[in-house]
Structures are given as structure tokens and as C-alpha cells.
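See structure below.
The values are calculated or read from the model by the stated rules, or taken from the named source; none is laboratory data. This one's a predicted model, so the numbers in the text were calculated from it and none came from an experiment. As a convention, Cβ positions derive from the backbone with ideal geometry for all residues, glycine included, and neighbour counts pool all protein chains shown. Calculation scope for accessible area: heavy atoms of the full protein, side chains included, ligands and nucleic acids excluded. Shrake-Rupley method; radii C 1.70, N 1.55, O 1.52, S 1.80 Å.
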Amino acid sequence: MSDVVPIKLACLDLAGTTVGDIAMVERAFAEAIATQGIVPGTGAYARAMVHVHRSRGCPKIDVFRGIFPGNEAQAQAANLTFERSYEGALERAGLVPVPGVLEVLDKLRGTGIKLALITGFSRTTLSRVLSVLGWHDKIDLAISPEDAGGRGRPWPDMVLHAVLRLGVPDVRQVAVIGDSESDMLCGKRAGASIVAGVMTGVHSRERLLKGGATHILDSIADFPNLILSDDLGTTQVASSAR
């Protein structure tokens, strides 16, 4: 298709998309909420975890602000516990990349596409994650909400930060991939031409499409064939209709 713009930057989500740490994240949220008096088995706990699920992909501090509205001190305390719990789990168990992700990173880098990891983790936690993964030589940039002025997903800021930092001339040359509705909203609002939702994470196909997914993939292993395709329009119709 003559109007297809070649992809120059791929923005990749972490949890549920490139690494399989969903259970670790959920446990860290549960522990953080419990320290603030919201314990399993209560209605308040159930409501809080529903909010956690709906808010996946958003900055962790924003998730806690939603659970403890109007109480910044409580939200900050819960966020600190979350970070300590998650980082402790990293030390004990490490992280397991999603099957095929290392091959994906190598293949995209080999074609000259820039790679940016985008996350709702704080900069401190993101640095720990990168240290555990050892991916410093596989990506061009890793972005937390703090790096983009404090606004994380679903705002477009982190994707646009990557565009500016990596010198991409046109937002249409960006592809975004993630497993949550907020990932999709972020990519759509940033003007990315490809916003791919993967089925390896927390949100359903319906939620991903609602957020603005242009494509639905079984996993990140399908991502290179999508963004290196010369006929993205056909792929979009086929993927979205399944």
C-alpha cells in the first residue's frame, strides 16, 4: 500500500507483554493494600483489586491514588510497600521473559528499528528490572512515567518522549505493543500507526479493542511480522475481526 509508513520505533510494554511477571505484580499490590488495612476476604479488598485490574499499565502511584482518594500519604505509603515487595520478589525469583521475546528484540534491532521499553513502574523499580533482565544492549531506551514529566499511561507522554529522545520524525512511524487497555489508549493518543494488543496479559480482546488496538496478536512473537509487513491494512482487518 502506497500510504504505509515504515516503522522506525517500537514501544514495548513490560509486565504481561515482554516479561511474565503478572503474578508477582498482583502479589505486590495485594501486600501493599494490606499494609493500609485492606485485607483479603473483605469487600474493600475485592473492590481494590478490581481497581488494580482495571488500571493495569498505569503508573503504580496513580493506581494507589485511585484506591485511597484524597489521602496522598496513604497512597505514597502503599506505593512504597509495593516497590519493596516487587523488588524483593525480583531478588528471590528473577524475571522470565515471555517466550520468543529475545528473538523479537534481536530481529527488530537487526532491521534498524529503535526499541523503547515503556512501563508504569517507577524509575527505581525499572532500573532494578533492567538489571535483572540484562537487556541494556538490546534496547535503546527504557521509560518510566517520571522520565516523561510524571504522566504515565493512558496519557501519550511516554511514547512521545521516546519519539523525541530517539529522533523519530513522524509519530506514524511508531508501533506500540502492550497487554492492557491503557497501553492501547497511550499508543492511540500518541498517533502511532500500529497499536497492537497481545493476549498474554491481563485484559481481554474486547478491552484491548475498546482502548484503540489496531491489531490483536497472540503474543509478542507475532510482532515482527506485523510491523515489518508491507500491507498493514489487510492485517489490521483480519486481526481485529477474529
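Just how far, in whole angstrom, is the range 63-100 from the range 131-154 if you go by their alpha carbon centroids? Each part's Cα centre sits 16 Å from the other's.
Is the C-alpha gyration tensor of the range 54-94 telling us rounded, prolate or oblate? Criteria: a/c under 1.5 is rounded; beyond that, a/b larger than b/c is prolate, otherwise oblate. Because a/c hits 1.5 or more and a/b fails to exceed b/c, the range 54-94 counts as oblate.
Spatially close Lys pairs in the chain, defined by Cα atoms under 28 Å apart and a spacing of eight or more places or different chains, total 16.
Rounded to a whole number of µm²/s, how large is the Stokes-Einstein D of the range 1-66 at 25 °C and 0.890 mPa s, given Rh as the Kirkwood radius over C-alpha pairs?
175 µm²/s
Taking Lys and Arg as +1 and Asp and Glu as -1, the other residues whose beta-carbon sits under 10 Å from that of Ile139 total +1. Computed with a 1.4 Å probe over protein heavy atoms only, the accessible surface of the range 1-144 comes to 43 Å² per residue. Stretching Val132 away from Val4 to a fully extended chain increases their span by 42.4 nm, per 0.36 nm per residue minus the current alpha-carbon distance. Counting protein heavy atoms only, the chain has 53 percent of its accessible area on carbon and sulfur, 1.4 angstrom probe.
If I take R0 = 45 Å and measure r between the Cβ atoms of Asn71 and Arg109 in this structure, what FRET efficiency does the formula 1/(1 + (r/R0)^6) give, to the nearest 0.05? In this case the efficiency is close to 0.55.
How big is the charge dipole of the range 47-118 about its Cα centre, in debye rounded to the nearest 20, if each Lys and Arg gets +1 on its Cβ and each Asp and Glu gets -1 on its Cβ?
220 debye
Computed from the alpha carbon positions, the gyration tensor of the range 9-142 leads to an equivalent ellipsoid with semi-axes of 30, 14, 13 Å, biggest first. If each DSSP helix of 4+ residues adds -39,500 (n - 2.57) and the sum is divided by the residues in the chain, what number results at 222 nm, nearest 500 deg cm²/dmol? Calculated mean residue ellipticity at 222 nm is -14500 deg cm²/dmol. Each listed q (0.16 Å⁻¹) maps to a log10 I(q)/I(0) for the chain, found by the Debye formula over equal Cα scatterers with no solvent: -1.11. Taking the average, over residues, of other Cβ atoms within 10 Å as the packing measure, peptides 217-223, 68-74 rank 217-223, 68-74 from highest down.
The alpha carbon convex hull volume per residue for the range 90-135 rounds to 81 Å³.
Computing FRET efficiency as 1/(1 + (r/R0)^6) for Arg165 and Thr35, where r is the C-beta to C-beta distance and R0 is 41 Å, gives about 0.70. Largest first, the residues Thr17, Thr124 sort by 1.4 Å accessible area into Thr124, Thr17.
Rounded if a/c is under 1.5, else prolate if a/b beats b/c, else oblate: with a ≥ b ≥ c from the C-alpha gyration tensor eigenvalues square-rooted, which is the range 112-158? Oblate, since a/c reaches 1.5 and b/c is not below a/b. Here's the picture: a label point sits 7 Å out from the Cα of Val96 along the beta-carbon direction, and within the range 15-59 the residues with their amide nitrogen under 19 Å of it are 15-28. The dipole here belongs to the chain: it is taken about the Cα centre, uses +1 on the Cβ of Lys and Arg and -1 on the Cβ of Asp and Glu, and is about 420 debye.
Specify whether the C-alpha gyration tensor of the range 82-225 places it in the rounded, prolate or oblate class, a ≥ b ≥ c being the square roots of the eigenvalues: rounded for a/c under 1.5, otherwise prolate if a/b is larger than b/c and oblate if not. Verdict is rounded for the range 82-225.
Computed from the C-beta positions of Thr42 and Arg84 and an R0 of 25 Å, the FRET efficiency is 0.60 to the nearest 0.05.
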